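Everything below concerns the one structure shown next.
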Amino acid sequence: MAKFVIAGRADCPYYAKTELVADYLQKNLPDFRIHKITQRPEVWEDWLKDVCEKNKWSHKNSPIIWRELLDRGGKGLLLGGYNEFLEHAQLYYDVTSSMTTELMMVIAQENLGAHIEKEQEEEALKTCINPLQ
């Protein structure tokens, strides 16, 4: 089973295109699984640095894609970024994407809005929780 983690800045157009191809592969291949991680643009650099230090990787841009060898959170093998993932998809699965730059930009802005909305929902849920002492 192929398990990939795709992480990127919520407003990154390359993350949007990578996400589209990965969603297509997951939908059409029974043994292809993805886990997506988005980060706000202002925290992306620090988050990426922490992930790279933890795994002894070197990567500078959004998105970053790695293959998990076991289950979620297990040891990962760095695939690379946008170009490496699209090359992998084309070579192994014969899948390409013809998404236009304009559509990439639109989806990137939608991703950022969805990420911010998700964060706000999580914060609202936290305020509703009153643990008993």
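Throughout, read-outs are computed from the coordinates displayed, never taken from laboratory work. Source: prediction; values computed, not measured. Quick reminder, even Gly has a Cβ in these numbers, built from the backbone with ideal geometry, and neighbours come from all protein chains shown.
Here are the numbers for this structure:
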quantity	calculated
Over 18 Å (Cα to Cα) - which of Lys3/Lys27; Lys17/Lys49; Lys49/Lys126 fall in this group	Lys17/Lys49; Lys49/Lys126
Assigned charges on the beta-carbon of Lys, Arg, Asp, Glu; the chain dipole about Cα centre (debye)	460
Average projection area in nm² (convex hull over Cα atoms of the stretch 3-128, one quarter of hull surface)	8.6
Lys118-Met99 pseudo-label distance in nm [points 7 Å out on the Cα-to-Cβ vector]	1.5
Highest-fluctuation residue, Tyr24, Tyr92, Tyr15 considered, GNM on the chain with Cα pairs under 10 Å	Tyr92
